[in-house]
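Engineer: Structure in structure tokens, see below.
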Amino acid sequence: MLPAPGIISPGLPGTPISTMDTPLLDRLFAYVESAHGRSLRGLNEAREQEPRRFAQVAELYLQWLVEARGESGIDAATDAFAQFSTDVNMAQARYERDGAYANKSFEEVYKDHYSDAEAMDGYLWGIYLTNFLWAHHFQIMMFFQDRFMSRLEKDAHLIEIAPGHGGWGAWALAHLPGASLEGYDISPQSIQIANAVAKAAGVDGRAKYVEKDALDLEKVQAESANACICSFLVEHLENPQHLYKVIHHLLKPGGTAFITGALTAAQVDHIYEYRYESELVMMCEKAGLRVLETLSANPMRTLPKAKFMPRSMALLVQKRRNEIY
Amino acid sequence: MSETLARLNEVFQDVFEDEELSVQAETSAKDIDDWDSLMHVNLILAVESAFDVRFTSTEVAGLKDAGELLALIEKKQA
């Protein structure tokens with residue numbers, strides 16, 4: 001039986017980490033050790049940053065995973081995570097050699113990756129686990145909770161652009177009892193998985209996921225959201241500036257958004273190469289969004305003699321009320 | 001030791017900067033402390049260069065030991 005939405009079962013504040021009950025996380029680590037030993041070092045780096053919070057986040061995410069995919073879900077998603085991590089590392093190594101991302105157009109990426117339903121399933125569940133199994137993404141997850149979610153009213157209406165696996169939205173709704181969320185994604189597999197995760201988290205009554213191109217959202221729903229979530233989409237676009245305008249369009253004046261993007265971080269489907277954090281900041285400002293806080297996080301290890309440091313950046317932004325703030 | 005395994009051993013020694021390293025078919029990450037997911041990719045690129053072959057990430061993600069890598073090299077060269 002899963003805990004009620006919003007309740008994190010493993011351990012209360014003050015509970016020694018050694019006595020926390022994390023059976024699913026223990027199982028994941030045991031499986032990684034037996035089947036993907038080369039990944040163990042990275043997982044330990046993620047856990048050692050903040051063991052208690054890591055355990056809490058991981059166990060809840062894994063409970064949802066098992067509820068959505070059954071008992072074998074952990075092993076299958078871990079296999080997908082290991083494959084995804086290898087894909088990323090290989091892409092980064094080729095980027096180091098070539099000095100540019102391999103893909104230049106969205107059409108190319110869609111044909112090679114997004115149109116393959118089976119591959120997309122593994123891709124999305126693999127990314128779901130990176131939210132806490134990659135050390136720098138766990139930092140982003142904590143930023144999401146501590147800096148973005150803490151600002152939201154309990155009955156906030158959120159719009160999530162490209163929810164992917166749906167983990168961000170489910171996390172927000174599970175912690176904001178009266179909140180609601182609309183999510184829009186171009187991928188049918190994403191809609192399916194995001195719905196399954198919402199159901200597993202017990203928040204499906206407050207989450208609605210629709211198959212729709214995020215860039216088309218500018219035509220509808222002006223100023224309908226108290227807050228937006230847009231995680232790791234900007235680097236997948238040919239012209240990301242348009243997406244920031246969409247976020248501005250959707251937000252009520254004063255509304256906030258959590259936006260993340262990848263910099264000098266290759267992936268099989270990354271197109272737009274951000275090199276500096278200021279580029280994301282400038283795109284936000286140009287679209288009428290005030291940048292309140294940022295976090296730029298990077299992996300603890302890189303390829304030997306790397307020219308590029310892959311970073312993930314999170315921005316907490318607010319729709320400006322006038323020209324200045 | 002086959003010629004391919006001998007060459008692969010040199011690549012391992014170079015990548016992990018250990019001239020004493022003696023790679024066997026059953027050598028895995030458990031035997032080489034630094035053989036983590038990132039160094040695995042570094043190793044794969046060095047193998048590609050040494051043997052003039054190219055791998056996909058799907059081919060290399062699940063390799064369990066040096067023997068499986070050796071078999072993959074020989075398959076590519078066949």
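Engineer: Here is a check on your reading of the model: is A:Thr264 within 28 Å of A:Leu43 (Cβ to Cβ), more than 17 Å from the chain's Cα centre (by Cα), at pLDDT 95 or above and buried (at least 16 other Cβ atoms within 10 Å of the Cβ)? Outline the logic, then answer.
Structural biologist: Working: within 28 Å of A:Leu43 (Cβ to Cβ): yes; more than 17 Å from the chain's Cα centre (by Cα): yes; at pLDDT 95 or above: yes; buried (at least 16 other Cβ atoms within 10 Å of the Cβ): yes.
It is true that A:Thr264 is within 28 Å of A:Leu43 (Cβ to Cβ), more than 17 Å from the chain's Cα centre (by Cα), at pLDDT 95 or above and buried (at least 16 other Cβ atoms within 10 Å of the Cβ).
Engineer: Test of understanding: among B:Leu69, B:Leu43, which residue is surrounded by 15 or more Cβ atoms within 10 Å (Cβ to Cβ) and within 11 Å of chain A (Cβ to nearest Cβ)?
Structural biologist: Values: B:Leu69 fails: within 11 Å of chain A (Cβ to nearest Cβ).
None of the others qualify; the one that does is B:Leu43.
Engineer: Turning to a different aspect of this structure: Would you be able to say whether some residue in segment A:51-62 is in a helix (DSSP H, G or I) and either over 19 Å from A:Tyr128 (Cβ atoms) or within 14 Å of chain B (Cβ to nearest Cβ) (or both)?
Structural biologist: Taking segment A:51-62 and keeping what is in a helix (DSSP H, G or I), we get A:51-62.
Then drop every residue that is not either over 19 Å from A:Tyr128 (Cβ atoms) or within 14 Å of chain B (Cβ to nearest Cβ) (or both), which leaves A:51-52.
Yes; the residues of segment A:51-62 include at least one that is in a helix (DSSP H, G or I) and either over 19 Å from A:Tyr128 (Cβ atoms) or within 14 Å of chain B (Cβ to nearest Cβ) (or both).
Engineer: Between B:Ser49, B:Ser28, B:Ser22, which is in contact with an Asp or Glu (Cβ under 6 Å, 6 or more places away or on another chain) and surrounded by fewer than 19 Cβ atoms within 10 Å (Cβ to Cβ)?
Structural biologist: B:Ser28
Engineer: Just one of B:Ala25, B:Ala71 is assigned to a helix (DSSP H, G or I) and either touching a strand residue (DSSP E or B) at 6+ places or on another chain (Cβ under 8 Å) or more than 20 Å from A:Ala80 (Cβ to Cβ) (or both); which is it? Let's see the steps before the verdict.
Structural biologist: Numbers: B:Ala25 fails: assigned to a helix (DSSP H, G or I).
Being assigned to a helix (DSSP H, G or I) and either touching a strand residue (DSSP E or B) at 6+ places or on another chain (Cβ under 8 Å) or more than 20 Å from A:Ala80 (Cβ to Cβ) (or both) holds for just one of B:Ala25, B:Ala71, which is B:Ala71.
Engineer: Could you please let me know if A:Gly164 is at pLDDT 95 or above and part of a helix (DSSP H, G or I)?
Structural biologist: No.
Engineer: Select from segment A:220-261 the residues that are hydroxyl-bearing (Ser, Thr, Tyr) and surrounded by 20 or more Cβ atoms within 10 Å (Cβ to Cβ) and write down the one among them that is farthest from A:Val317 (Cα to Cα).
Structural biologist: The initial filter retains those residues of segment A:220-261 that are hydroxyl-bearing (Ser, Thr, Tyr), namely A:224, A:231, A:244, A:256, A:260.
Filter again for surrounded by 20 or more Cβ atoms within 10 Å (Cβ to Cβ), leaving A:231, A:244, A:256, A:260.
On the way: A:Ser231: 13, A:Tyr244: 10, A:Thr256: 5, A:Thr260: 11 Å.
Applying the filter and picking the extreme gives A:Ser231.
Engineer: Ok, one more. Here's a check for you: in segment B:7-19, which residue that is free of Cβ contacts under 8 Å to residues at least 24 places away in the same chain and surrounded by fewer than 16 Cβ atoms within 10 Å (Cβ to Cβ) is nearest to the chain's Cα centre (by Cα)?
Structural biologist: This residue is B:Gln13.
Engineer: Is there any pair with a first residue in segment A:213-232 that is over 30 Å from A:Phe138 (Cα atoms) and a second that is of a type in the set (Lys, Arg) and at pLDDT 90 or above whose Cβ atoms are under 7 Å apart and which are 6 or more apart or on different chains, and what are they?
Structural biologist: Listed by first residue and then by second, the contacts come to A:Glu218/A:Lys245; A:Glu223/A:Lys252.
Engineer: Filtering segment A:306-324 down to residues that are in contact with a Leu (Cβ under 7 Å, 6 or more places away or on another chain) and among the aliphatic types (A, V, I, L, M), which residue is surrounded by the fewest Cβ atoms within 10 Å (Cβ to Cβ)?
Structural biologist: For segment A:306-324, the residue satisfying everything is A:Leu316.
Engineer: So, A:Glu153, is that one more than 18 Å from A:Glu235 (Cα to Cα) and more than 19 Å from the chain's Cα centre (by Cα) or not?
Structural biologist: The answer is yes for A:Glu153.
Engineer: When segment A:180-219 is examined, which residues are found to be crowded, with 18+ Cβ neighbours inside 10 Å and over 19 Å from the mean Cα position of the chain (by Cα)?
Structural biologist: Once the filter is applied, which keeps residues that are crowded, with 18+ Cβ neighbours inside 10 Å and over 19 Å from the mean Cα position of the chain (by Cα), segment A:180-219 yields A:Gly202, A:Arg206, A:Leu217.
Okay, residues lined up against (1) in contact with a helix residue (DSSP H, G or I) (Cβ under 9 Å, 6 or more places away or on another chain); (2) of a type in the set (Val, Ile, Thr); (3) in contact (Cβ under 8 Å) with a residue 60 or more places away in the chain; (4) at positive phi:
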site: A:Gly42; (1), (2), (3), (4): yes, no, yes, no
site: A:Ala46; (1), (2), (3), (4): yes, no, yes, no
site: A:Ala80; (1), (2), (3), (4): yes, no, no, no
site: A:Val88; (1), (2), (3), (4): yes, yes, yes, no
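Engineer: I would also like to ask the following. For a quick check of your reading: which helices (runs of 4 or more DSSP H) sit entirely within segment A:73-152 and have at least 3 residues that are crowded, with 20+ Cβ neighbours inside 10 Å? Write out each step before concluding.
Structural biologist: Numbers: elements: A:73-98, A:106-109, A:117-133, A:135-143.
Where helices (runs of 4 or more DSSP H) fall fully within segment A:73-152 and carry at least 3 residues being crowded, with 20+ Cβ neighbours inside 10 Å, they are A:73-98, A:117-133, A:135-143.
Engineer: I've got another one for you. Tell me which residues, restricted to segment A:63-72, are of a type outside the set (D, E, K, R) and either in a helix (DSSP H, G or I) or under 18 Å from the mean Cα position of the chain (by Cα) (or both). Lay out the reasoning, then the answer.
Structural biologist: Within segment A:63-72, the subset of a type outside the set (D, E, K, R) is A:63-66, A:68, A:70, A:72.
The answer is A:Gln63, A:Trp64, A:Leu65, A:Val66, A:Ala68.
The values are calculated or read from the model by the stated rules, or taken from the named source; none is laboratory data. The structure displayed is predicted, hence computed values, not measured ones. Positions of Cβ are backbone-derived with ideal geometry, glycine not excepted, and every protein chain shown enters the neighbour counts.
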